[in-house]
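I have placed the structure first, in the form of structure tokens, so that the comments after it can refer back to it.
The values are calculated or read from the model by the stated rules, or taken from the named source; none is laboratory data. Treat the numbers as computed from the prediction; the structure is a model and nothing was measured. Cβ sites come from the backbone with ideal geometry, for glycine too, and all protein chains shown count toward neighbours.
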Amino acid sequence: MVLSVRDLAVTRGGLAILEGVSFDVPPGEALVLRGPNGVGKTTLLRSVAGLQPAEVGQVTGAEDEIAYSGHSDGLKAMLSVTENLRFWASVFGLSDIAPALAAFDLEGLRDRMAGTLSAGQKRRLGLARLMVTGRPVWVLDEPTVSLDTASVALFAQAVRTHLGQGGSALMATHIDLGLAEAHVLDLTPYKAGPRSRQMDEAFL
Amino acid sequence: MRALLLRDLRLAIRAGGGFGLGLAFFLIVTVLVPFGVGPETALLSRIAPGILWIGALLACLLSLDRILALDWEDGSLDLLATAPLPMEGIVTVKAIAHWITTGLPLVLAAPVLGVLLSLPVPAYQWVVISLVLGTPALSVIGTFGAALTVGLKRGGLLMSLLVLPLYVPTLIFGAEVARRGAEGLTVQTPLLLLAGISLGVIALLPFASAAVLRINLR
Amino acid sequence: MSLWEYANPVKFIRTTDKVLPWIWTFAVVALVVGLVWGFFFTPDDFRQGSTVKIIYIHVPSALMAINAWLMMLVASLVWIVRRHHVSALAARAAAPVGAVMTLIALATGAFWGQPMWGTWWAWDPRLTSFLILFLFYLGYMALWEAIEDDDTAADLTSILCLVGSVFAILSRYAVNFWNQGLHQGATLSLDKEENISDVFWFPLLVCIAGFVLLFIALVFLRTQTEIRARRTRALLAREGQV
């Protein structure tokens with residue numbers, strides 16, 4: 001299933017920030033979104049994930065296909081690493097969490113409470129969650145925040161494996177993951193001009 | 001869905017989960033009432049059914065902001081919204097978890113606290129029955145209030161303002177069952193109305209809560 | 001030419017600017033005529049004495065307290081279904097007016113109740129229902145105030161208004177069941193034989209018309225204010241963006 005975005009416009013706080021965004025992410029490929037702070041990477045990803053309805057344009061191939069990972073990891077401090085992962089696995093109807101633990105080097109931490117993990121460890125656990133969703137399209141917002149070099153390498157490897165299995169990934173990140181399959185899309189040209197369609201247009 | 005319910009129950013029991021807080025609050029309210037109105041047994045036993053209902057309602061209210069706010073803060077709600085669970089299912093499970101961790105203990109504690117208030121003997125069963133029927137409605141309505149205010153910092157007070165008027169019909173019929181039971185009158189009419197409200201609310205309100213939650217997640 | 005054209009904020013302001021002076025004039029005339037007629041040119045009731053004259057404020061305000069909520073309900077539905085901003089803002093504009101009408105009805109009722117029933121307040125079903133209605137107004141307004149994003153606030157308050165309406169009706173029946181009241185039956189009804197006599201009835205009708213016009217004028221004015229505030233925010237946001 002190809003994730004396909006056509007002529008998408010996104011708004012934040014009633015202001016159009018991006019417009020005319022179109023791209024495809026076919027299986028086996030990754031697309032990295034670039035652009036300065038505030039250009040609308042997070043808003044765009046949330047639109048693709050279906051959390052925010054798109055005012056203009058279409059997103060196809062996302063419904064029930066994507067695994068979303070935002071700025072927060074959605075971890076419960078009072079649950080252990082395995083309990084957190086197991087929960088998400090069963091929400092998505094899966095049960096095997098061992099590959100996810102292995103891929104992100106979490107086996108040594110499996111019985112630790114998530115609340116006692118360091119920021120980087122939490123992030124690894126948050127990313128490991130993607131592997132227990134069984135969803136083919138990963139939509140990732142700044143996945144490498146608080147990761148050290150070794151962990152970034154683990155993450156790049158996990159993405160590579162995922163792409164190799166026919167999955168795809170759409171992510172906003174500034175770090176070069178060294179992925180041969182990754183294309184880069186700079187969002188700056190899509191920035192909405194002051195004359196573009198505003199949500200509050202009727203009031204102007 | 002079952003996984004979500006089990007997770008919420010487990011979280012409630014673990015340290016910091018707030019399990020039992022509502023119960024302690026219920027106890028304190030019941031203890032404070034005699035200080036406020038005087039220790040006279042006749043008066044206490046007359047107002048006991050109402051006090052138990054008010055106490056249970058307030059204890060319920062106190063714990064509402066935990067239903068969704070914690071999942072909102074740590075980002076779980078975003079992730080749940082993109083998971084293969086319908087939003088209506090999520091809010092229903094949240095309400096059920098709230099009822100099991102707050103409503104049910106209140107129901108079980110009510111007869112014990114009734115002793116403190118010299119609750120008349122025939123009233124015990126009706127207090128318990130009315131709470132069993134009424135507290136699910138309190139949890140479901142409360143989930144709606146929690147969904148409305150989930151994105152707000154310090155939304156707790158606002159939520160009380162929104163939820164308490166919605167609690168009025170449940171409280172009236174629930175307390176009426178308990179009061180009529182205490183006076184040995186027939187309780188059938190308010191009992192049926194209370195059950196009707198609970199069932200209607202459980203059937204319909206999750207749709208409103210889900211709609212509200214979707215709006216708040218945007 | 002369809003009604004929905006007035007859902008355009010600019011068009012709404014232009015149109016209401018034209019009609020507002022007329023509505024104000026008629027509202028003031030109706031209120032002055034109705035109240036003066038009612039207060040000074042109607043006989044005292046044989047049982048209630050001159051206190052009966054409070055109905056010229058009490059009944060219209062009570063009527064408007066309920067109708068304001070109904071109007072908010074309709075406006076909320078229009079917002080949910082058709083997403084016209086003016087509709088949501090009109091609902092927002094009506095809420096404080098409705099709340100004040102509720103307060104007036106409660107207060108005049110208390111002033112009348114003191115000499116007549118011998119008490120300022122009784123937990124009579126009608127009184128209680130109005131108190132609950134007032135709480136609904138408070139919650140509705142507080143929710144509007146609490147949410148920063150305008151469209152989110154409009155969505156959430158609309159749903160609250162729908163859910164609140166159902167619960168308000170439920171509360172009304174629950175309260176009726178809970179306590180039989182002191183309050184007399186409806187003063188005005190179209191189908192009942194027993195009605196108040198024409199001497200009181202005509203000035204009351206004029207007062208009701210005055211209150212309705214006053215309500216419309218206030219809601220138009222407040223909606224204009226909301227639209228202008230919203231436009232200011234939109235302009236500022238656009239400036240900040242460039």
note = Taking segment A:110-134 and keeping residues under 20 Å from the mean Cα position of the chain (by Cα), surrounded by 13 or more Cβ atoms within 10 Å (Cβ to Cβ) and within 21 Å of B:LEU70 (Cβ to Cβ) leaves A:GLN121, A:LYS122, A:ARG123, A:LEU125, A:GLY126, A:ARG129
query = Would you pick out the residues in segment C:9-23 that are among the aromatic types (Phe, Trp, Tyr) and either within 11 Å of C:GLY210 (Cβ to Cβ) or surrounded by fewer than 16 Cβ atoms within 10 Å (Cβ to Cβ) (or both)?
reply = C:TRP22
Filtered residue count, segment B:69-82, keeping only those that are part of a loop (DSSP other than H, G, I, E, B) and either surrounded by fewer than 20 Cβ atoms within 10 Å (Cβ to Cβ) or more than 11 Å from chain A (Cβ to nearest Cβ) (or both) = 2
ask   = Got a sec? Which of A:VAL139, A:VAL184, A:VAL159 is in contact (Cβ under 8 Å) with a residue 60 or more places away in the chain, of a type outside the set (D, E, K, R) and within 30 Å of C:ASP151 (Cβ to Cβ)?
value = A:VAL139
query = Yes or no: B:THR170 modelled with pLDDT of 90 or more and more than 11 Å from chain C (Cβ to nearest Cβ)?
reply = no
inquiry  = Yes or no: segment A:87-109 includes at least one residue that is farther than 20 Å from A:ASP141 by Cβ, facing another protein chain (nearest Cβ under 9 Å) and buried (at least 19 other Cβ atoms within 10 Å of the Cβ).
reply    = yes
request  = Scan segment B:157-186 and report the pairs whose first residue is in contact (Cβ under 8 Å) with a residue 24 or more places away in the chain and surrounded by fewer than 24 Cβ atoms within 10 Å (Cβ to Cβ) and whose second residue is of a type in the set (Phe, Trp, Tyr) and not in a helix (DSSP H, G or I), with Cβ atoms within less than 6 Å and a gap of 6+ or a chain change.
outcome  = none
key: Single match in B:GLY89, B:GLY142, B:GLY103 (criterion: within 12 Å of the chain's Cα centre (by Cα), within 14 Å of another protein chain (Cβ to nearest Cβ) and in a helix (DSSP H, G or I))   = B:GLY142
task = Sort out which residues of segment A:37-83 are more than 11 Å from every other protein chain (Cβ to nearest Cβ), in a loop (DSSP other than H, G, I, E, B), out of contact with any Ser or Thr (no Cβ under 7 Å at 6 or more places or on another chain) and more than 30 Å from A:LEU117 (Cβ to Cβ), and write them in order of number.
result = A:GLY40
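Rundown of residues vs (1) modelled with pLDDT of 75 or more; (2) over 21 Å from the mean Cα position of the chain (by Cα), yes/no style:
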residue: C:GLU194; (1), (2): no, yes
residue: C:VAL199; (1), (2): no, yes
residue: C:PHE202; (1), (2): yes, yes
residue: C:PHE215; (1), (2): yes, no
residue: C:LEU221; (1), (2): yes, no
residue: C:ILE227; (1), (2): yes, no
residue: C:ARG233; (1), (2): yes, yes
residue: C:GLN241; (1), (2): no, yes
inquiry  = For the structure I just gave you, tell me whether B:LEU21 is under 29 Å from B:GLY155 (Cβ atoms), surrounded by fewer than 18 Cβ atoms within 10 Å (Cβ to Cβ), modelled with pLDDT under 90 and more than 14 Å from chain A (Cβ to nearest Cβ).
reply    = yes
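Test of understanding: among C:ALA62, C:ALA68, C:ALA88, which residue is under 13 Å from the mean Cα position of the chain (by Cα) and buried (at least 24 other Cβ atoms within 10 Å of the Cβ)? Lay out the reasoning, then the answer.
Values: C:ALA62 fails: buried (at least 24 other Cβ atoms within 10 Å of the Cβ); C:ALA88 fails: under 13 Å from the mean Cα position of the chain (by Cα).
Criteria check complete, one pass: C:ALA68.
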query = Residue check: is C:ARG83 at positive phi and free of Cβ contacts under 8 Å to residues at least 40 places away in the same chain?
reply = yes
request  = Tell me the strands (runs of 3 or more DSSP E) entirely within segment A:91-204 that contain at least 1 residues that are on the phi < 0 side of the Ramachandran plot and at pLDDT below 85.
outcome  = A:182-186
query = Of all residues in segment A:22-40, which are under 30 Å from C:ALA153 (Cα atoms), surrounded by fewer than 22 Cβ atoms within 10 Å (Cβ to Cβ) and in contact with a strand residue (DSSP E or B) (Cβ under 7 Å, 6 or more places away or on another chain)?
reply = A:VAL39
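Return the residues of segment B:145-162 that are outside any loop (DSSP other than H, G, I, E, B), at pLDDT 90 or above and within 11 Å of chain C (Cβ to nearest Cβ); say none if nothing qualifies.
Result: B:GLY145, B:ALA147, B:LEU148, B:LEU158, B:MET159, B:SER160, B:LEU161, B:LEU162.
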message = So if I check each of C:TRP144, C:TRP123, which one is within 14 Å of chain B (Cβ to nearest Cβ), assigned to a loop (DSSP other than H, G, I, E, B) and modelled with pLDDT under 95?
response = C:TRP123
task = Could you tell me whether A:VAL184 is farther than 15 Å from A:ASP73 by Cα and either β-branched (Val, Ile, Thr) or under 16 Å from the mean Cα position of the chain (by Cα) (or both)?
result = yes
query = Within segment A:99-134, how many residues turn out to be polar (S, T, N, Q) and in contact with a helix residue (DSSP H, G or I) (Cβ under 8 Å, 6 or more places away or on another chain)?
reply = 2
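Residue-by-condition table, conditions (1) within 26 Å of A:VAL48 (Cα to Cα); (2) at pLDDT below 90; (3) crowded, with 23+ Cβ neighbours inside 10 Å:
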residue	(1), (2), (3)
B:ARG14	no, yes, no
B:PHE26	no, no, yes
B:VAL31	no, no, no
B:VAL37	no, no, no
B:TRP53	no, no, yes
note = Across segment B:92-113, the tally of residues that are farther than 20 Å from B:ILE13 by Cβ and either at pLDDT 95 or above or surrounded by fewer than 24 Cβ atoms within 10 Å (Cβ to Cβ) (or both) stands at 4
message = On the basis of being closer than 25 Å to C:GLU226 by Cβ and touching a His at 6+ places or on another chain (Cβ under 6 Å), does C:ALA7 make the cut?
response = yes
query = In the set B:PRO206, B:PRO165, which member is more than 7 Å from chain C (Cβ to nearest Cβ) and within 19 Å of the chain's Cα centre (by Cα)?
reply = B:PRO206
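Yes or no, residue by residue, for (1) more than 14 Å from chain A (Cβ to nearest Cβ); (2) out of contact with any His (no Cβ under 6 Å at 6 or more places or on another chain); (3) part of a helix (DSSP H, G or I):
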{"site": "B:PHE25", "(1), (2), (3)": "yes, yes, yes"}
{"site": "B:VAL29", "(1), (2), (3)": "yes, yes, yes"}
{"site": "B:PRO34", "(1), (2), (3)": "yes, yes, yes"}
{"site": "B:PRO39", "(1), (2), (3)": "yes, yes, no"}
{"site": "B:GLY50", "(1), (2), (3)": "yes, yes, yes"}
{"site": "B:ILE67", "(1), (2), (3)": "yes, no, yes"}
ask   = Could you give every pair whose Cβ atoms fall below 7 Å, whose first residue belongs to segment B:87-116 and is over 24 Å from B:LEU44 (Cβ atoms), and whose second residue is of a type outside the set (Ser, Thr, Tyr) and not in a helix (DSSP H, G or I), counting only separations of at least 6 or pairs across chains?
value = B:GLY89/B:MET1; B:VAL93/B:MET1; B:THR101/B:PHE19
